[in-house]
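This report concerns only the one structure given below.
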Amino acid sequence: MSRTEFQSNALTERSGARRLYDWIDQRTGIRSLLRHILDEPIPGGARWAYVFGSGLLCALFIQAITGVALALYYVPAAGTAHETVAYLTKQVWSGSFIRGVHAYGSHFIVLLLFAHVIQTFVYGAFKKRREILWLSGVCLFLLMLGMAFTGYLLPWDQRSYFATMVGTNVMAEAPVVGPLLKRLLRGGEDMGTLTLSRFYTLHILVLPGLILTLIALHVCLFRRAGPAGTPQDDLIKPQRPSQPFYPRQLLMDAGFALALVLGLVGVAHFLPITLGPATNPASTEYIPRPEWYFLPMFQWLKYWQGPRAVIGIVVIPSLVLLLFAGVPFLDRRYERRARKRLFSVVGFVLPLAVLALLGALSYRDDRLDPRVRLQLAHQKDEEARYMKQPFVPALEAYSFANPVPPSPEIVAGRGVFLAHHCNFCHGDDAAGTAAAPRLVGIGEQLSTEQLMGLIRRPNAKMTAGKMPVFVGRDDDLHAVVAYLQSLR
Amino acid sequence: MATQRATLAGVSEGESGKLAALVGRRSFLAMLFSTVGAAFAAVCALPFARYIAYPLYAAGSHSHWVDAGPVSDFTSTSEPVRKLINIEHLDGWQQTVSQQAVYVTRDAGGAFVALSSVCPHLGCSVAWQSNSKTFVCPCHGGCFAPDGSRISGPPPRRMSALPTRIDGGRLSILPPSA
C-alpha cells in the first residue's frame, strides 16, 4: 500500500469524527480561526527569544487557577484571613503546594515581565506602528505589580501586615491626594478588616478584569502589527522568509511553558511556602521587608527625607515611568539593531542597573546592621516555629445558626483580657503572636491555682518576655482565668 | 483517492505526494500535542482534585456524648419532652457549637428514647403538636406517632432515635456525627 493510499484510508476511517468537525466548523468557523492562529507567519522563523509573551500567558493562567482554588478556603476579614490561610496551608491536602505555586508564581511573573520587556526592547520590536502595543504592555506591567502588592497582604501575617503598612504609607507621601489615596485604599486611617476587603476585591475582581481586557487588546494589536522578527528585518514589510507559528514556534513555546510549570512545581515542592504568626499590630520589634522586586524602591525611599521627599517619592519615579512608557516615542529611528542605537540602550539599561544596585544596597544594609540582621533572623525563626505548630481550629463561640452565649464570668474575663491589653501580645482570642505564646488550651495544661499564680507572679521566662505583673482585683483574676479555661 | 483529488485541484502527481506527507506530519503533530497536553493537564489536575475534595475527608468528625439534663426533667409520660442539646462540631477551619432539638420519650419498657427532630425526608425540623399528639413536619406534611414511627406523608422511615445513656442521674445523648 502506498503512503498516499494509507493516508486516504485513514481519512475515510475517521469520517465520523471529520463529519462532526465539519458540522462544528460550519457553525463556528473554527477551522479558519485555528488556521489564522497557527499559520501566523514569523519573519525569519521561530526563535527561543520569542517565548516570553506566551510564557507570561501560561504563568497568568496558573495564577488564575491556583487563585480560584485559594478562594475556596480563604475568608477576607481581619478575624479570619490568617486563620483560613493557616488552615489551607497546614491542614488541607495539597494546600501548601497550591498556595506555594500561587505565591512563587508571582515571582516568576515579575521575572518574565522583565524578560519580555528586555527582549522587546533589544529587538527594537516596539517601533513603527507599535506604540499603542507598547503602551498597553506598560499598563499590564503596572497592573501586575498591583496584583503582587494587593496579594501580598491577604495572608494577614506579621510580614504582610507590616509590609503593606509601609507600602500604603509611602502612598501618603504624594502631595495633595496622597493622604486621601491612602485612606481610600485602607478604608480608613488604620489597616483593618476593610483594608483586607478592599485589597481582596482589587486582587480578585478589579485588577484581573483590567488585566484580561488589556491582554486581549495587547494580543490583538500584536496580531495586527505582526511579529517583528529579527532586528535585521523590516518592521512593516518583512524581507526574510517567514515560517508559520505552528509547529516550530508552538513547540518552543510549549517547551518553555513546560519548563516554567516544572520550575514552579519544583520550587513549591522543595521550598514549601511559609506563613508567619498572626498579625500583632502592637509589636514594636518587627522589621518589615518587601519582596525583592519592591526592594529597590524601598531602599530608594531611605534617601529622601523632609520636604524634599516628594521629589524622590513622586517626581523621580513618575519621570522614570514616563520614560519607560515613552520608549517608542523617544527612540523613533527606523534602526532596530541594539548596537546601532547605543544612546537608547544606555537610557534603558541605566535605570535597570540603578534598580539592581538599590536592591543590592538594601540587602547589604540589612546584613551590615547587627540589630537588623538578628531581628530578621529571629523573625525567620518565628515563622519556622509557627509553621511547625499544628493547626488548631478556633472555637467560634457564636454559631451562626444557634447562638450559645458563654457564661457571664467568661464574658467578663474576656473584658479583663482586653482591658489589660493581654491581646497586644497574646493576640485576639489569645491565639498567640510573635511576641507571646498562644493561650488556647492552657486550661488543660495548668490548674486554676497555677494559672492564677502565674498571672499574679510571672516566672523568670515570662518576665524576660515582658509579661507584666497583674495588679487587678481578685474578681478580675478569677474571671480572666475562667476565660482562658474556656478557650479550647 | 487523495491522488485523484489533488490532481483535480491542479497539483501534479509528485507534488501531491509531498502534500500528503506534509498533511500527515502536521496532523500527527497535532495529535501528539493534544495527547501529551491532555495527559500533562490530567497530572496537573491531581493536586487540585485532592485540594477540593479535602472537606469530604475532614467532615467525618466523631460525635461525643452530650448532656441533656437530669433524668427528673423527663418524667412526663403524656408528651415527649423537647430539649435543646449543644453540639460541638468542626466546621471547616473553626470549631462551632450549634443547638439541636431532641424529643425525649419513653418506650413501652420505660427506657428513654431520644428522637432527633430532623425529618428523615429532607431535613426540616419536625415539631410536636400536642392537640393531635403527633409530630408534624412543616415542609411536606410528614406525620409521626409519639414514638417516632411514621404515620403518613413522604418521609421514607421513622424519626431517628439517638443513642442514650444515664450517667449519675443525668441523661446523655449521642448526636449523629457531623
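The values are calculated or read from the model by the stated rules, or taken from the named source; none is laboratory data. These figures come from a predicted structure and were not determined experimentally. Cβ placement follows ideal geometry from the backbone for every residue including glycine, while neighbour counts extend to all protein chains displayed.
Inspect the range B:107-123 for any residue being within 16 Å of B:Arg150 (Cα to Cα), within 14 Å of chain A (Cβ to nearest Cβ), outside any loop (DSSP other than H, G, I, E, B) and not hydroxyl-bearing (Ser, Thr, Tyr) and give the result as yes or no. Yes: the range B:107-123 contains one or more residues that are within 16 Å of B:Arg150 (Cα to Cα), within 14 Å of chain A (Cβ to nearest Cβ), outside any loop (DSSP other than H, G, I, E, B) and not hydroxyl-bearing (Ser, Thr, Tyr). Evaluate the following for B:Gly92: is it on the phi > 0 side of the Ramachandran plot and not charged (D, E, K, R)? Spelling it out, B:Gly92 is indeed on the phi > 0 side of the Ramachandran plot and not charged (D, E, K, R). Here A:Leu395 clears all of (1) in a loop (DSSP other than H, G, I, E, B); (2) within 14 Å of chain B (Cβ to nearest Cβ); (3) modelled with pLDDT under 85 except the condition numbered (1). If I ask for residues that are at pLDDT 85 or above and within 19 Å of B:Gln100 (Cβ to Cβ), which ones from the range B:40-72 would you list? Passing the criteria: B:Trp65, B:Val66, B:Asp67, B:Ala68, B:Gly69.
Taken over the range B:31-60, the residue count meeting the criterion of being within 10 Å of chain A (Cβ to nearest Cβ), aliphatic (A, V, I, L, M) and touching a residue at least 12 places away in the same chain (Cβ under 8 Å) is 1.
Restricting attention to the range A:169-178, does a residue exist that is within 14 Å of the chain's Cα centre (by Cα) and of a type outside the set (A, V, I, L, M, F, W, C)?
no
Evaluate the following for A:Val176: is it among the hydrophobic types (A, V, I, L, M, F, W, C), assigned to a loop (DSSP other than H, G, I, E, B) and free of Cβ contacts under 8 Å to residues at least 60 places away in the same chain? Answer is yes for this residue. With respect to (1) of a type outside the set (Val, Ile, Thr); (2) touching a helix residue (DSSP H, G or I) at 6+ places or on another chain (Cβ under 8 Å); (3) farther than 21 Å from A:Asp234 by Cβ, the lone exception for A:Leu322 is condition (2). If you go through the range A:256-311 and keep only what is without any contact (Cβ under 8 Å) to a residue 60 or more places away in the chain and in the same structural domain as A:Ala59 (by TED's automatic domain parsing), you end up with A:Leu258, A:Ala259, A:Leu262, A:Gly266, A:Phe270, A:Thr284. Inspect the range A:266-277 for any residue being surrounded by 13 or more Cβ atoms within 10 Å (Cβ to Cβ), more than 14 Å from chain B (Cβ to nearest Cβ) and more than 29 Å from the chain's Cα centre (by Cα) and give the result as yes or no. No - not one qualifying residue is present in the range A:266-277. Contact map, the range B:130-144: residues that are at pLDDT 90 or above paired with residues that are crowded, with 17+ Cβ neighbours inside 10 Å and charged (D, E, K, R), Cβ distance under 8 Å, separation 6+ or inter-chain. Pairs shown: B:Gly142/B:Arg150; B:Cys143/B:Arg150; B:Phe144/B:Arg150. For A:Thr80, the criteria (1) more than 10 Å from chain B (Cβ to nearest Cβ); (2) under 23 Å from A:Asp429 (Cβ atoms); (3) more than 17 Å from the chain's Cα centre (by Cα); (4) among the polar types (S, T, N, Q) hold in every case but one, which is (1).
Considering B:Leu90, B:Leu84, which residue is assigned by TED's automatic domain parsing to the domain that holds B:Gly148, closer than 30 Å to A:Ala69 by Cα, among the aliphatic types (A, V, I, L, M) and out of contact with any Asp or Glu (no Cβ under 8 Å at 6 or more places or on another chain)? None of the others qualify; the one that does is B:Leu90. Keeping to the range A:471-488, report how many residues are within 11 Å of A:Arg414 (Cα to Cα) and in a loop (DSSP other than H, G, I, E, B). Result for the range A:471-488: 1. Looking across the range B:67-118, the residues that are under 29 Å from A:Ser486 (Cβ atoms) and in contact with a Gly (Cβ under 7 Å, 6 or more places away or on another chain) come down to B:Pro70, B:Val71, B:Lys83.
Among the residues of the range A:447-470, none qualifies, meaning not one is in contact (Cβ under 8 Å) with a residue 24 or more places away in the chain, among the hydroxyl-bearing types (Ser, Thr, Tyr) and closer than 20 Å to A:Ala282 by Cα. Quick check: anything in the range A:128-151 farther than 24 Å from A:Ser318 by Cα, among the aromatic types (Phe, Trp, Tyr) and touching a Pro at 6+ places or on another chain (Cβ under 7 Å)? For the range A:128-151, residues farther than 24 Å from A:Ser318 by Cα, among the aromatic types (Phe, Trp, Tyr) and touching a Pro at 6+ places or on another chain (Cβ under 7 Å): absent. Annotation: A:Gln91 fulfils all but one of (1) surrounded by fewer than 21 Cβ atoms within 10 Å (Cβ to Cβ); (2) without any contact (Cβ under 8 Å) to a residue 60 or more places away in the chain; (3) at the interface with another protein chain (Cβ under 8 Å from one of its Cβ atoms); the unmet one is (2). A:Glu189 meets each of the listed conditions (1) closer than 21 Å to A:Asn280 by Cβ; (2) part of a helix (DSSP H, G or I) apart from (2).
Give just the number: which of (1) farther than 20 Å from A:Phe141 by Cα; (2) among the hydroxyl-bearing types (Ser, Thr, Tyr); (3) assigned to a helix (DSSP H, G or I) does A:Thr201 not satisfy? Of the numbered conditions (1) farther than 20 Å from A:Phe141 by Cα; (2) among the hydroxyl-bearing types (Ser, Thr, Tyr); (3) assigned to a helix (DSSP H, G or I), the odd one out for A:Thr201 is (1). Apart from one condition, A:Leu34 fits all of (1) in a loop (DSSP other than H, G, I, E, B); (2) of a type in the set (A, V, I, L, M); (3) free of Cβ contacts under 8 Å to residues at least 60 places away in the same chain; (4) surrounded by fewer than 20 Cβ atoms within 10 Å (Cβ to Cβ); the exception is (1).
Would you check if A:Gly465 is small (Gly, Ala, Ser), surrounded by fewer than 15 Cβ atoms within 10 Å (Cβ to Cβ) and either touching a helix residue (DSSP H, G or I) at 6+ places or on another chain (Cβ under 6 Å) or farther than 22 Å from A:Glu83 by Cβ (or both)? The answer is yes for A:Gly465. If we keep just the residues of the range A:43-77 that are more than 11 Å from every other protein chain (Cβ to nearest Cβ) and among the polar types (S, T, N, Q), which is farthest from the chain's Cα centre (by Cα)? Going through the qualifying residues, I end up with A:Ser54. Would you confirm, using the coordinates I've provided, whether A:Ala419 is of a type in the set (A, V, I, L, M, F, W, C) and within 17 Å of A:Gln158 (Cβ to Cβ)? Here the answer is no, as A:Ala419 does not meet what is asked.
Residue by residue, here is whether (1) more than 30 Å from A:Val392 (Cα to Cα); (2) surrounded by fewer than 19 Cβ atoms within 10 Å (Cβ to Cβ) holds:
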{"site": "B:Leu84", "(1), (2)": "no, yes"}
{"site": "B:Trp93", "(1), (2)": "no, no"}
{"site": "B:Gln100", "(1), (2)": "no, no"}
{"site": "B:Val104", "(1), (2)": "yes, no"}
{"site": "B:Leu115", "(1), (2)": "yes, no"}
{"site": "B:Ile151", "(1), (2)": "yes, yes"}
{"site": "B:Met159", "(1), (2)": "yes, no"}
{"site": "B:Arg170", "(1), (2)": "yes, yes"}
